Amino acid sequence: MNFLKKIIQNNIQVWSTFFCLILGIFVLFYTILIDKTNSLKIQAELLNTTKSNTLKNIFLIKNYKEDYQKFIEPENEKIINLAKNKSVEELYYLVSDFYWISDKVLNNQENRWLKIDAFLTTDSWKSNPTHKIASDCEEKVYTLVSLFRNKGVVAEKIRMVIGDIFLENKIITHAWVEIYLDQFEKWLVLDPSNGNYWDENQQKLVEKKPLNFDFYLNHTYPVSKIYHIFNDQYIWDSNFY
């Protein structure tokens, strides 16, 4: 009797383990499917050139240009070549894979903005210890905006944002991309600086997987304060953020 009971218990354990394994695989594939579905929806909406009427109630467009808008270059030859045969999601991961490095290390000065032609050649700079294409957050962001604009994303649906965010219990000044989604009536954050980086303290490269393309669809970006919101055509009033 005890032998039979033991066999039954063992079978129950085997089937329980098998059931948990199948359930885990199902959840994994379901999560991947949902992420892919969201990604495809976002990309389709971005490439829809219809300008949303709701945008008029969200931001104030100013009719003048600022010097920092010149860093967004949709017609730059390097941008055109990078954008060929790639989806907007693939371009997000492409830029996210470029390394983050501080201006202090790369440029020997703080807050130096590089034009796209210079940024995309930083892998050959003597001051660059990564020997990879690398920069601070601003270059990665306006390169991504330029690529999206080149792919046909209308200026009303994409912008570069500079502001303060909370990071590891402190506030830092940062730059990121936002794209407008009509179906959700919200701006979705894309932060291409969440991937690979140069660790100054350890003096080494750190490989880091970037956040999923649709990560901030269901997560809140830790914004503290906004300074500038713009693209190559428009400037938004930060009071309407």
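Here, each number is a calculation from the coordinates, and none is a lab measurement. Bear in mind that the values here come from a model prediction, so they are computed numbers and not experimental data.
Rg/Rh for the range 113-198 to two decimals, with Rh computed the Kirkwood way over all alpha-carbon pairs. It would help to have the intermediate numbers written out before the result.
Working: Rg = 14.5 Å, Rh = 14.3 Å.
So for the range 113-198, dividing Rg by the Kirkwood Rh gives 1.01.
Please compute the contact order of the range 43-240 in relative form: average sequence separation of alpha-carbon pairs under 8 Å and at least six residues apart, divided by the residue count, as a percent.
Values: 367 pairs, mean separation 55.5, N = 198.
For the range 43-240, the relative contact order is 28 percent.
How are the alpha carbon pair distances in the range 43-240 distributed across 5 Å bins from zero to the largest one, expressed in percent?
For the range 43-240, the pair-distance distribution reads 1, 7, 15, 21, 22, 17, 10, 4, 2, 0.
Take the residue pairs K78/K151; K70/K115; K70/K126 and return only those whose Cα atoms are more than 20 Å apart.
K70/K126
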